[in-house]
Structure formats: C-alpha cells, structure tokens
Amino acid sequence: TPARKVQIELTSAAYPLATNNANPSTLEPETSQLPTILIEGIAPRSSAVRRFPIFFNRPGQHAVKATLQNDSVPIDNHCWAVTRFGTSAKVLIVGNQDQREARFVSLAISPNQMTGIEPVLGTKATLRDAKPGELDQYESIFLLDVDQIDNSAVRNLGQYVERGGGAIFFAGPNINFNFYQDELYAGGEGLYPLPIEKVIAVPEPLEQAQADIVPQSHPVFAPMMGIKNSPLDLVQVRQICRPSAGWSATQQNVRIAATTRGDNRLPLVVEKNFGRGRAMVVLTTAGPAWNNWSRNGTFPAILLLMHEHVSAGRHDQRRRLVGESTSLQLSIKKYRPEVTFVAPASESDRPDESSWKRRTSWQSTAVPVQSGTEADLTANLGASPDETLQPGIYETWLRTNQSDVEVNRMALNVDTTESDLTIANRQQLLDAIAEAKPKFIDWDEVRPEASRNRSTSLAKLLLVILLVVLVGEQILAWSASYHPKQIKSNFITRVRRPQSSSQQAA
C-alpha cells in the first residue's frame, strides 16, 4: 500500500577538529536538529529521493542522521552518513597562454574568498608533471580553451577523474579538434563526452523572448528551472563548438544538461561519468569571446554548481553495512600500533538516557604486515561479527608517534534489502538457488494438519474406550456383588372400636 505523509527527521553532528584527549566518552559532538522533510506519498515497491541543505559552521568531520517513523521493521528506520570538510577546497584552473579566462573563472568561484574555494592557477605542465596522486589535492580541475595536452597529462587527468575527481572543459578558439576527438574522446572510451568538429555561429533568434541557453532536467541547472524572467534568459551565445555529425547522446551514455534554442537544439553543456568521477563540457567559452555569460549573475552560481556536481565523487563513500569487517592500514612511520575502536550504542527507549554515554570501546593492537618493501600496520574492525552488528557511527582512535590523537569515523547502516517484506513465490525461490537443484515441497504435502487431526481422533477414541471400560467396570461390579431377594408380606390391620361407658360398667 502507498505510504502517506512520510516524515524524515534530520540531525547533524559536528565533531571537534582535533583532540589530545584519549578518552572517547568525553568527546561529544555538537548536534543540531534540522527541518523535517515531508514526502507526500511513496508508491508501493518504489523509492523517493530528496535533497536538503546543511550548513556546517566549521571544518572537520560531520555526521548526518536521518530517521523515519516507526513501522514493523524499526531497525532500518535510521540511516547515518559521515563526511569531512577541510578549511578550503582547492580547484586547479588551467587556461591558455594569456590566462584571461582563468582569471574570469577564479574570480567567479571565489569572490573575495567568500565561498571556501581556493583557486589555483596552473598550466599544461602542471598536468604533465604531476606525480601519482598529486592531483588528488584538488576537488575539481577546470580546463579553459586549452588547445592540447601531452599524453602524460591525458593519462594523469584520466586517472584523477577515475579516482573520483571532476573535470570541467570550456571550449574556445584555440582548441585542436583532432586532438580532442582522437585523444580525449577516443571513440567514446576517453574522458571527453562527445566528438567536436568545428565552430559554428548561433543564429540570431527570431523572437526576442527566446533564450540562448535552454536548461534541461539536471542538478546544475535545477535552480534555474521554472523561474519566470530568469537572468539566464539574458545570456547571449554567439558561437559554440558543434558535435560531429551522427553523434547521439543516447548512444554514448552521456547526459545533456543544457542546449541551444530553436528547433534543432544543439548540446551546449554535456556530462559523462568516468570511473568514480565526472567530466563536464561547456561548448562555449568561459570568457567574453563567444558570449556574455561571464557578465551575467548566473555565471558564478552555475560554476559553483558544476564544481559541486563533478566533485561529488571526491566525497562519495562506499556504503558500509552492519556485520562487515574493515581493514585499517597504518604507516609504521607515523602511527603507533595501539588502536581504540568505539562502537555506537543501541537506540534507547528512555529519552533521558544519552546513547553517547552507553557506547562500547575496546583496545586492539595493529600487527605488522609486509606490503611491498615497506612494513605497514593493519588492524581489523569487525574481526568478530559481533563488533559491527549495531548500526551507527564507529570511531577509530589512533595515536601518532608524536603523541597526537587522530579520530576517524565511518557509518554502518542496515542493508535495506533485508527490509523487503514481500513474500517470494515458488519460481523466484527456485530460480535463485537453481544451481543447488532444489526440491520444492508444498506445505500441504507435509500435511501437518492431517497428522494433528489423526492425533486428535486417536485421543477421542481412547477417551471413548476409557468411558466404556469404566461403565463396564460398574456393571461387572454390580453383577458380581450379593443382592438378597425381596419378601413380599400382606399386613392386616384390625381396628377395635372403643367400648361405651355402659359396656365398661357391665
């Protein structure tokens, strides 16, 4: 049946940045209640997704807890997530030789350093000479009208996005179409989402009311959808890069976020998933060469939303389930082998009892493991299944060789597939375990009711036999006992009349 008026209660927790206190019970986060989310209805066998904003007033580790109303399976009504924010998010901006467009983008994404984003201006050599993992310090990378890059830069950029990074390409008059098609697009296997062949002019609109940028259903342009007299309608796009003839977004498994106007709408903003990360392409310039977008108020907002969207893979965490074990790899050069694990407490029915005080902790010693040429330490959380059976936030307390304390947190949740109360039919069960060649026996074939009925009938028969025996026993006892015969007698009663007084005198 449909679920109506589903309420989701949200709670956020902010943990201190660092602590020198080795007692987990005294380090309590600062919690705050968020506005409740209301879902009008969820159809049977379906799900609903809602987005909500959370403001964190300091960097560090933060946790979010979502709670549903109680139902027949209460243990899965809670869900936790843990994320970490630094003091700033670095963004690498690679432009052409004059770096003009790079300065436009740098000012747009961080005006007066108000957004918490730290733009770093780089060159093609920055991508080429990057050491393994060096690009991971950047949340996203902008490439603005870059003609071409070396093969090593292509490899470094592709590996960065595959690991969860985000790349945003802006077109321009300097790009080398052959390089983009052969090396970056690579027949659909590369990082670039589509092949481009030439620069075309966008014809003037027949009506002044027509907007040059038409947003599609996409998270980047979602705030602009449905707004009457949107500032985005004032953007004028004069030139774009046209995709190669015959290219189709459905065939290449990419997503179009915005198009040009007119009947023959051409893609303007295109997105592609690449590994754990994303690449997004804007087929016009970031500066004023081909449009006036950089002078429009929507330009900074769209850039920030693009950065947020493509860098989501950097904060994406593997969904961990209760009962799983996690191996913690430590460097012997940095950490001591003593590790403290802290497990969450169960949800208490008493509102005055703080679950924080009822958490359990235990000590573990990391063991040396030879990994290549460097000896590392490893410690396992969940070596025993009982250690990770409680859903919630788990903590790992580490002590460095300089006696500093580091606390890492992760969320373990209940597998929602276990909450499916749908009864499987016979064929689904047989298909699921077909390799075992199962034999299906109906409950009716076992006939437990018939056996119970036979037992009941036998009991009734025994009761009847017992009753007959008891009656027979009474008859036998009566027949075997002595009973004297009855003597019949006739009694005659004579009544004498009293004599009269004269007769008495005589």
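Which of the pairs LYS5/LYS272; LYS124/LYS333; LYS65/LYS272; LYS90/LYS131; LYS5/LYS65 have their Cα atoms more than 24 Å apart in this structure? List each step's numbers first, then the result.
On the way: LYS5/LYS272 36 Å; LYS124/LYS333 35 Å; LYS65/LYS272 31 Å; LYS90/LYS131 17 Å; LYS5/LYS65 19 Å.
Listed pairs above 24 Å: LYS5/LYS272; LYS124/LYS333; LYS65/LYS272.
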Yeah, the range 1-155 with a ≥ b ≥ c from its alpha-carbon gyration tensor (a/c under 1.5 is rounded, else prolate when a/b outruns b/c, oblate otherwise) is prolate
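To check you understand DSSP bridge types, tell me what percent of the beta bridges within the chain (both residues inside) are antiparallel, rounded to 5. If you can, show how the numbers build up before the last one.
Details: 73 of 96 bridges.
Roughly 75 percent of the beta bridges in the chain run antiparallel, per DSSP.
Let me check something: with ligands and nucleic acids excluded, how do MET225, MET114, MET280 order by accessible area (1.4 Å probe), largest to smallest?
On the way: MET225 90, MET114 145, MET280 0 Å².
Sorted by accessible area, descending: MET114, MET225, MET280.
Leaving out ligands, DNA and RNA, and with a 1.4 Å probe, what % of the accessible surface on the range 387-429 is carbon or sulfur?
Values: 1100 of 2280 Å².
The computed percentage sits at 48.
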With Cα coordinates, the longest principal axis of the chain makes an angle with the long axis of helix 298-310, in degrees rounded to 10, of 60 degrees
For the chain, the longest principal axis of the Cα atoms and the Cα long axis of helix 151-162 enclose an angle in degrees, to the nearest 10, of 30 degrees
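Would you kindly state how much longer the chain becomes between ASN273 and TRP443 on full extension, computed as 0.36 nm times their sequence separation minus their alpha carbon distance, in nm to one decimal?
Answer, rounded to one decimal: 56.2 nm.
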Expressed in nanometres to one decimal, the distance between label points 7 Å along Cα→Cβ at ALA222 and ALA48 is 1.5 nm
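About its Cα centre, how strong a charge dipole does the chain have in debye, to the nearest 20, once Lys and Arg get +1 and Asp and Glu get -1 at the Cβ? Let's see the in-between values first.
Details: 52 positive and 52 negative charges, 589 e Å.
In debye, rounded to 20, the chain gives about 2840.
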Nearest 10, in degrees from 0 to 90: the angle of helix 448-480 to the longest Cα principal axis of the chain is 10 degrees
Rounded to the nearest 500, the 222 nm mean residue ellipticity computed for the chain from DSSP H runs (n ≥ 4, each -39500 (n - 2.57)) alone is -5500 deg cm²/dmol
Counting only protein heavy atoms and leaving out ligands, DNA and RNA, the solvent-accessible surface of ARG358 at a 1.4 Å probe, in Å² to the nearest 10, equals 60 Å²
Regression test value, accessible area per residue of the range 160-239, probe 1.4 Å, units Å², expected 50 Å²
Reported to the nearest 10 Å², VAL120 has, with a 1.4 Å probe, an accessible area equal to 40 Å²
Looking only at aspartates and glutamates whose Cα falls under 16 Å of LYS439's and that sit 8 or more positions away or on another chain, we get ASP431
Percent relative contact order for the chain, counting Cα pairs under 8 Å at least six residues apart, stands at 12 percent
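Where both partners of a DSSP beta bridge lie in the range 54-167, what percent of those bridges are antiparallel, to the nearest 5? Mind dumping the intermediate values first?
Numbers: 8 of 21 bridges.
Rounded to the nearest five, the antiparallel share is 40 percent.
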When every protein chain stays in place and a 1.4 Å probe is rolled, HIS315, HIS218 sorted by accessible area with the largest first are HIS315, HIS218
Which of (1) 89, 65, 43; (2) 74, 63, 43; (3) 179, 68, 61 gives Cα extents along the principal axes in Å as computed here? It is (3)
With every protein chain in place, the accessible area of ARG336 for a 1.4 Å probe, in Å² rounded to the nearest 10, comes to 80 Å²
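The values are calculated or read from the model by the stated rules, or taken from the named source; none is laboratory data. This is a predicted model, so every value here is computed, not measured. Don't worry about glycine lacking a Cβ; one is built from the backbone with ideal geometry, like all the others, and counts go over all protein chains shown. Just so you know, the surface numbers come from the protein's heavy atoms only, side chains and all, with ligands and any DNA or RNA stripped out. Shrake-Rupley method; radii C 1.70, N 1.55, O 1.52, S 1.80 Å.
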